[in-house]
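What follows is a single structure, written as structure tokens, with notes after it.
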Amino acid sequence: MHKVVWDMDPGIDDALALILALKSPEVQVLGITTVAGNASVEMTSANARRVLEYLNAGSIPVAMGAANPLNHPLEDALNHHGPDGLGNCDLPPPKVPLHPDKAWDFLARLVWDAPGEVALIATGPLTNVAYAFRRNPKLPELMARLVLMGGAYRLTPYGEGNRTLYAEFNIWQDPEAAHMVFNSGADIFAVGLDVTMDPAACLTSEHLGQIKTGHTPAAHLVAQLVEYQVKHHGCCRMHDPLALAMLLDVSLLDFKLARVEVVKGNDWNRGVTRILPSVGSHSIHVACAVDGPRFLELFLSRMLEK
Ligand code: RIB
Ligand code: CA
């Protein structure tokens, strides 16, 4: 059982990953923190609670975090996720109030209270994680590991950018935060576009047909979220569920150890994640392969469970 605290920017694929986690005995979600990214932090904070409450998991606390990246104005991705950030699904607004702590204090406390036992998952820009590490310099070594969705490392033909030709959205959004987190000394497992853009790991209209045979609240919500992506983008890319997947079945992904340079600033190469030639201090684990069919089989089986 992996105890996790999860920083996210829901967003359709964050929501799909959260639903998968709630249906998986391998992980226990202790708390969620929200960050601006796909949508404003107010919207991502509402969306996390909308999903939790719909699946009767409203007791999981949600703490709100940063409204903007460290050094740049927010540029959301509602053009990809829909005006409400969740594919215009019919979830009601949240009822449960936010946790009173700021995200960076909340996630730090959960890690401090159980040294070495709590993993951090980050599936949005790394702004909150950077704030938490700045305020608690020992936090990186106290967490079991940091699993993040982010980067494009050119380790496969799919490892090109999706926000620019060269940079992945989460890292591009806050490159200064990513630079700091990647060099924090945390035991990082980075799941990037190299594996999440693999067509074998994306849900298609055929998979949507299978999901629609499910009659649970989870299957109903997943069908809505996936249908929005399939209708507007031809398929549903599983960026964030693939980051979670390594905690469900480590054999689904292969990783290589590498030092990674994150390009800061706002030039053409903003947010580029470049693998450096030598392994050394602050090397991180970068996903270099995925068993797409087996991952999708796991996802569908969990979503169609009664
Ligand atoms: O590049 C994909 C990532 O950016 C995903 O985490 C998606 O939700 C957005 O945050
Ligand atoms: Ca995300």
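Check each of the GluC sites (Glu not before Pro) in region 1-65 and keep only those in coil by DSSP with at most 14 other C-beta atoms within 10 angstrom; list them in order. Could you put the intermediate results ahead of the total?
On the way: sites: GLU26, GLU42, GLU53; in loops: GLU26.
Passing sites in region 1-65 are GLU26.
Trypsin sites (Lys or Arg not before Pro), restricted to region 40-115: which are DSSP loop and have at most 14 other Cβ atoms within 10 Å?
Working: sites: ARG49, ARG50, LYS95, LYS102, ARG109; in loops: LYS95, LYS102.
In loop regions of region 40-115 (DSSP not H, G, I, E or B), the sparsely surrounded trypsin sites (Lys or Arg not before Pro) are LYS95.
Legend: ranking of residues THR273, THR33, THR196, THR156 from fewest to most surrounding C-beta atoms inside 10 Å; resulting order THR156, THR196, THR273, THR33.
Loop-only chymotrypsin sites (Phe, Trp or Tyr not before Pro) in region 243-297, please: DSSP not H, G, I, E or B, and at most 15 other Cβ atoms within 10 Å.
Details: sites: PHE255, TRP268, PHE295; in loops: TRP268.
Taking region 243-297 and a limit of 15 other Cβ atoms within 10 Å, the loop chymotrypsin sites (Phe, Trp or Tyr not before Pro) found are TRP268.
Can you tell me what percent of all Cα-Cα pairs in region 71-207 are more than 22 Å apart? Display every interim value, and only then the final one.
Values: 4568 of 9316 pairs.
The share of Cα pairs beyond 22 Å in region 71-207 comes to 49 percent.
Once backbone amide H atoms are built at 1.01 Å from N, GLN28 has HIS2, LYS3, VAL4 as its partners under 5 Å, excluding neighbours fewer than 5 places away on the same chain.
How high is the relative contact order of region 250-306, in percent, counting Cα pairs under 8 Å that sit 6 or more residues apart? Before the final figure, lay out the partial values.
Details: 69 pairs, mean separation 23.3, N = 57.
So the answer I get is 41 percent.
Which of rounded, prolate or oblate describes region 1-116 when judged by the alpha-carbon gyration tensor and an a/c cut-off of 1.5? Note, shape of region 1-116 comes out oblate.
Distance between the pseudo-spin-label points of LYS95 and ALA67 (7 Å out from Cα toward the beta carbon): 2.9 nm. Note on the chain: Rg/Rh from Cα positions, Kirkwood definition for Rh, rounded to two decimals, is 0.93.
Beta bridges from DSSP with both residues in the chain: antiparallel share about 30 percent, rounded to the nearest 5. Normalised Debye scattering of region 147-276 at q = 0.11, 0.16, 0.18 Å⁻¹ gives log10 I(q)/I(0) of -0.44, -0.84, -0.99, counting only Cα atoms as equal scatterers and leaving out solvent. Within a straight-line Cα-Cα reach of under 17 Å, LYS3 can be paired with the following lysines, leaving aside sequence neighbours fewer than 8 residues apart in one chain: LYS23.
Each reported figure results from applying straightforward, stated rules to the coordinates on display, with no laboratory input. On a predicted model such as this, the values are computed, not experimentally measured, just so you know. Cβ coordinates were reconstructed from backbone atoms using ideal geometry, including for glycine residues, and neighbour counts include every protein chain displayed.
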